[in-house]
Amino acid sequence: MKIISAEFERSCFGKSDWVADGRPEIAFLGRSNVGKSSLLNSLLGRKGLARTSNTPGRTQSINFFLVNGKFHFVDLPGYGYARVSKAMRADWGVMAREYLTEREELVLSVQLVDARHEPSELDKQLNEWLIFHDKPHIVVATKADKLSSNQLQKQLRSIGGNFGKSKVFPYSSKTGSGRSEIWAEIASGLEKN
Ligand SMILES: Nc1nc2c(ncn2[C@@H]2O[C@H](COP(=O)(O)OP(=O)(O)OP(=O)(O)O)[C@@H](O)[C@H]2O)c(=O)[nH]1
Ligand SMILES: [Mg+2]
């Protein structure tokens, strides 16, 4: 996909803030620090559009970006960061679940996992939730650049075993490898809309 324009639109903390222009949306979900904001920037070829950080828990709101004036990328806060307060963790659940269950514009969820690790319990729960609710989704195993190609193949088999009902794609936000495969999935999600 040719990116003509990509702009930050709005940070939201609840339903009343959501963008209301009816354009289709692609959402990025996953553990805190897994690389959601980096993937979004890398796909758009815009460094720094979504804020990234070494500090887990950087993205605390639901952030909307408008791409080519046609669709939104939605950066969700990360889950599973133990050092945020209980209240904040509860907020994640409420905000994200509300978005995922109610958002009619959502055409594709991109669930990120770290290519280096076994999926966590929360990763598995999220995946089961997406399947149970029939949400179109893909799994992206990111930070693939941190593994040798042998290690990556091994990890992809293991991640594929855990997420047997989902399509799994390796990605590196550092090198951009895997970019065209993921764009193809996004384009097909947008077309079906
Ligand atoms: N080597 C490498 N580093 C990555 C990759 N993706 C993300 N990172 C690094 O991982 C850290 C976290 O990335 P973010 O994109 O901020 O992660 P996030 O999922 O948005 O985190 P929260 O907003 O806290 O939920 C940053 O230091 C990134 O530079 C990747 O594909 N390869
Ligand atoms: Mg982020």
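Any read-out appearing in this document is the output of simple, stated calculations on the displayed coordinates, not a laboratory observation. Since the structure is predicted, the reported quantities are computational estimates derived from the model, not experimental observations. Glycine also receives a Cβ, built like all others from the backbone with ideal geometry; neighbour counts cover every protein chain displayed.
Quick notes on this structure:
- Those residues of the range 38-73 which are touching a residue at least 40 places away in the same chain (Cβ under 8 Å) and more than 17 Å from SER173 (Cα to Cα), in sequence order: SER61, ILE62, ASN63, PHE64, PHE65, LEU66, VAL67, ASN68, GLY69, LYS70, PHE71, HIS72
- Selected residue (criterion: surrounded by the fewest Cβ atoms within 10 Å (Cβ to Cβ)) from residues of the range 127-180 that are of a type in the set (Asp, Glu) and assigned to a helix (DSSP H, G or I): GLU128
- Consider the range 18-31 and keep the residues that are in contact (Cβ under 8 Å) with a residue 40 or more places away in the chain and over 11 Å from the mean Cα position of the chain (by Cα). The one that is nearest to ligand 2 (Cβ to nearest atom) is GLU25.
- Close Cβ contacts (under 9 Å, 6 or more residues apart or on different chains) running from residues in the range 142-162 that are away from ligand 1 (no atom under 14 Å from the Cβ) to residues that are among the polar types (S, T, N, Q) comprise GLY160/SER166; ASN162/ASN127.
- Any pair with Cβ under 7 angstrom, 6 or more apart, that starts in the range 168-193 at a residue that is in contact (Cβ under 8 Å) with a residue 12 or more places away in the chain and ends at one that is surrounded by fewer than 18 Cβ atoms within 10 Å (Cβ to Cβ) and part of a helix (DSSP H, G or I): VAL168/LEU156; VAL168/GLY160; PHE169/GLU181; PRO170/LEU156; SER172/ASP145; LYS174/ASP145; THR175/ASP145
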